[in-house]
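One structure is given here, and the rest of the page talks about it.
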Amino acid sequence: MSAGPNLSPWVVALMLALLALVAIGTSIPLVLGKVRPNRLYGIRFQKSFSSEERWYRINRVGGWALIIWGAVTLGVAAACFLPIAAPQSMLWTLFLGWPLTIFVPIWVNWEYAKKL
């Protein structure tokens, strides 16, 4: 009796790819300077609100950080299809991958904002 197809690589890869595409898609307007200062969307540190110039500078850097980490996450999603990828390692990748996609760019941007 067959246990059925193992879809976990597909599920993990699709979840990571979706996360990466959302991060990249929401970052593009930040990089292009299209997001005006607001309390809902963008990199919202206290220094971000100290001036309009800082808002755009901090959001541009944060947008690029999210785009870069989104691209890294897309690479990890693609790696889920390698024949050496074990289901357990993919679950760990998913479990640790999405926080890194969010928190590393935030940390990079936080460090940048402290220097302004």
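Readers should treat all values here as calculations from the given coordinates under stated rules, not as data from a laboratory. None of these values were measured; they are calculated from a predicted model. Cβ: placed from backbone, ideal geometry, glycine included. Neighbour counts: every protein chain shown.
From most to least packed by mean Cβ count within 10 Å, the peptides 31-39, 57-65 give 57-65, 31-39.
FRET efficiency for the VAL72 to SER51 pair, using the beta carbon distance and R₀ = 25 Å, is estimated at 0.20.
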